[in-house]
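Following: one structure in structure tokens, then a few remarks.
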Amino acid sequence: MTEETAVSALGATGIRDAVTVRIPADSAYLSVLRTATAGLAARLDFTLDEIEDLRIGVDEACAMLLAQALPGTDLTTEFELDGDGMRVAVSVLTADGRLPARDTFAWKVLSALAGDVDARVGPDDRVVIMLYKRRDTAEPA
């Protein structure tokens, strides 16, 4: 497993953090991603419920992709923190570049947990599921 971290300035208002985690495309390693997801969400002051929703959402996206991952490949997860939100892109090489069905219960759960969700196929039939979760900034009543 390798982990790469890059940080670049957004200007006078703050810092953008980007973290890439690559693990074997095997469900045995998903606990590493759940821990990384929780730690990064905590940096943005997400609530415990928001952190748990994001952890489950990343886990669900991984489960969708692992079902079609080519044996011996890596699951790559890119996290980008930007102020009050986090973008997560989970990707894996596949044999046929088939997008996850958006009319399934799993996709509905993913959308409910993670906020904005999309999927695309990149080069070499790499399927990517992208999540964007924003911290709830509403003041308590």
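When shorter helices are ignored and each DSSP H run of at least 4 residues is given -39500 (n - 2.57), the per-residue value for the chain at 222 nm works out to -10000 deg cm²/dmol. With respect to the chain, whose longest principal axis is taken over its alpha-carbon atoms, helix 48-66 is tilted by about 20°.
Figure legend: label point modelled 7 angstrom from the Cα of residue 98 along Cα→Cβ; residues of region 114-132 with amide N under 14 Å from it are 127. For region 55-102, the set of trypsin sites (Lys or Arg not before Pro) satisfying both a DSSP loop assignment and a count of at most 14 other C-beta atoms within 10 Å is given as 98, 102. In terms of surrounding Cβ atoms within a 10 Å radius of their Cβ, 64, 130 rank from fewest to most as 130, 64. Does anyone have the angle between helix 105-114 and the longest principal axis of the chain? Alpha-carbon axes, 0 to 90°, nearest 10? Relative to the chain, helix 105-114 is tipped by roughly 30 degrees.
Each reported figure results from applying straightforward, stated rules to the coordinates on display, with no laboratory input. Because the structure is a prediction, the values reported are computed rather than measured. Quick reminder, even Gly has a Cβ in these numbers, built from the backbone with ideal geometry, and neighbours come from all protein chains shown.
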